[in-house]
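What follows is one structure encoded as structure tokens, with my remarks underneath.
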Amino acid sequence: MTSTPKITFIGAGSTVFMKNIIGDVLQRPALAGARIALMDINPQRLDESAIVARKLASTLGASATVETFTDQRKALDGAHFVVVAFQIGAYEPCTVTDFEVPKKYGLRQTIADTLGVGGIMRGLRTVPHLWKICEDMLAVCPNAIMLQYVNPMAINTWAIGEKYPTIKQVGLCHSVQGTAMELAHDLDIPYDEIRYRSAGINHMAFYLAFEHRQPDGSYRNLYPDLVRAYREGRAPKPGWNPRCPNKVRYEMLTRLGYFVTESSEHFAEYTPYFIKEGREDLIEKFGIPLDEYPKRCIEQVARWKNQAEEYRTAEKIEVKQSKEYASSIINSVWTGEPSVIYGNVRNNGCITSLPNNCAAEVPCLVDASGIQPTHIGDLPPQLTALIRTNINVQELTVKALLTENREHIYHAAMMDPHTAAELDLDQIWSLVDELLVTHGDWLPEWARGNRKVQAA
């Protein structure tokens, strides 16, 4: 092994995300001399990211080197770690399509990047590109670890595990640690006094334990406190986004007995209970932010134009530690210093009440041996049942991709809890037809066009 790791970023034009990860990496002494390879298909965004990366190294006094590539395989050659962050089809046209076409059928969404018809379409657009990265990795860096930050996370992780089982990969999301911080804030408890254990699937994992360390070293269950705070109107407290008051998850806590790790705006569209035609009372009661993701995209684009100019002209760039796991994983694998992260991996019996081949989100030990998932056992039956409703959609989308069978796209949409609660079968078929035609060349060739799948 060389003295410095090579870290390749695919989709390095996601500059703010790249900045956070590289800033985290270069603050670790063992990684300060890393070779950083930035790859993107957009030369302008790539140049902007390179400027940011070099200024970060300068700010931190790190000896890291930064190279840029538009050729994916060249960027991957000899890599030890591959960080992937991209959005196929971007906000325009694809995210707009994922929202506007379903809306014509009366199907309203909040985020639409993980489940539902929006998540299905994003999976169809995204997985072929991830598979191409896997092919290139097998050719030029077969032992590298892929750190995958792309949605739909569970579909992506599952599809990679099925087609390229030898690729070392983990899907990463900040929802577990991010939500734990939010709950600590809601209860006015310092985050470093909280202990938790979570398991499930990406965006639908649950805290099986959520506890507060006491002065005598024992731990106290915080679930009664969370329920009481919600009932008394003290929780949730206002968060970073005033459009998203986070009431859905608290309501589900009172029904399931466990708190889900992903946001209320996400969870509202993963279940059939909250977004319903003619039930504006539910939208108001739970503060459900319809069309939230397009709003964030527009805000993000506007914000980035200002940030890009600031970064370009600044001598130094402020560096703060982010909540992301990437630097912790890279450091642990490279140095052998152990750490624990929450990662999305092939289940392989970690959660015994879920399918063996699905993508599970579980605690993982990371050290020089790599990423090692921990055994959970059975989840509480009500959690297993709810998670399976999401796995159904993921499994059929992956099956469609693996077999190139268009029918399974329709089956996946049919099984989606929110879609099925709002639309009849003819509407679902027509909606999928229209989405496939509208997305056109953004989809793999076998999925394109208006060759309607007929009912028997």
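Taken together, the values in this text are just the output of simple stated rules run on the coordinates, not laboratory data. Because the structure is predicted, anything quoted here is derived from the model rather than measured. So basically every Cβ, Gly included, is an ideal-geometry build from the backbone, and we count neighbours across all protein chains shown.
A straight Cα-to-Cα reach below 23 Å connects K55 with the lysines K6, K19, K305, K316, K320, K323, residues fewer than 8 places away in its own chain not being considered.
Only lysines eight or more places from K399 in sequence, or on another chain, were considered; those with a Cα closer than 17 Å are K163.
Rounded to the nearest Hz, the phi-derived 3J(HN,Hα) couplings of region 277-284 under the Karplus curve 6.51 cos²θ - 1.76 cosθ + 1.60 (θ = phi - 60°) are 4, x, 10, 5, 4, 5, 4, 6, where x marks glycine and proline.
Amide H to amide H distances under 5 Å link G287 with no residue, where only residues 5 or more positions off or on other chains count and H is placed in the peptide plane.
Taken as Cα centroids, region 417-456 and region 55-80 sit 41 Å apart, rounded to the nearest whole angstrom.
Phi angles of region 80-89 translate, via the Karplus equation with coefficients 6.51, -1.76, 1.60 and θ = phi - 60°, into HN-Hα couplings of 9, 9, 10, 9, 10, 8, 8, 10, 6, x Hz per residue; Gly and Pro are given as x. Here's the picture: charge each Lys and Arg Cβ at +1 and each Asp and Glu Cβ at -1 in region 24-134, and of G119, I36, A50 the one pushed furthest to the positive end of that dipole is G119. If you take the Cα centroid of region 151-183 and the Cα centroid of region 10-54, the two points sit 21 Å apart.
Amide H contacts of F69: L38, M39, D40, each under 5 Å away and 5 or more positions distant or on a separate chain (H built 1.01 Å from N in the peptide plane; Pro and chain starts excluded). Karplus-based coupling profile of region 357-369, in residue order and whole Hz: 9, 6, 8, 9, 10, 9, x, 10, 7, 10, 8, 4, 7, with θ = phi - 60° in 6.51 cos²θ - 1.76 cosθ + 1.60 and x standing for Gly or Pro. When the dipole is taken about the Cα centre of region 222-272, and only Lys, Arg (+1) and Asp, Glu (-1) are charged at their Cβ, what size is it in debye, to the nearest 20? For region 222-272, the charge dipole is close to 200 debye.
Antiparallel beta bridges, as assigned by DSSP with both residues in the chain, represent about 55 percent of the total such bridges. Among the trypsin sites (Lys or Arg not before Pro) in region 366-456, those placed in a DSSP loop whose Cβ has at most 16 other Cβ atoms within 10 Å are R448, R451, K452. Can you list residues whose amide H is under 5 Å from A64's amide H, if they're 5+ apart or on another chain and H is modeled 1.01 Å from N? It is A34, by chain and number.
Ordering S175, G440, C141 by Cα displacement along the dipole of the chain toward the positive end leaves C141 in first place; charges were set at the Cβ atoms of Lys, Arg (+1) and Asp, Glu (-1).
The length gained by stretching the chain between A421 and A139 to full extension, at 0.36 nm per residue less their Cα-Cα distance, is 97.0 nm. In the list [x] 23.9; [y] 31.2; [z] 21.8, the label attached to mean projected area of the Cα convex hull in nm² as derived from the coordinates here is [z]. Counting beta carbons within 10 Å around each of E395, E309, E337 and listing the fewest first gives the order E309, E337, E395.
Work from the charge dipole of the chain (Cβ charges, +1 for Lys and Arg, -1 for Asp and Glu, about the Cα centre) and give the residue of L386, A85, N357 farthest towards its positive end. Toward the positive end, the furthest listed residue is A85. Charging the Cβ of each Asp and Glu at -1 and of each Lys and Arg at +1, and nothing else, the dipole of region 20-105 about its Cα centre rounds to 180 debye. Helical runs (DSSP H, four residues minimum) scored at -39500 (n - 2.57) apiece and divided by the length of the chain put the mean residue ellipticity at 222 nm at -14000 deg cm²/dmol.
Quick one: putting +1 on the C-beta of Lys and Arg, -1 on the C-beta of Asp and Glu, what dipole do you get for the chain around its Cα centre, in Debye to the nearest 20?
Magnitude of the dipole: close to 460 debye.
Please sort through the DSSP H helices of the chain and keep those with an alpha-carbon extent of at least 15 Å along the long axis and a Kyte-Doolittle average not below -1.0.
TM-like helix candidates: 15-26, 43-60, 116-140, 153-163, 175-186, 381-403, 425-439.
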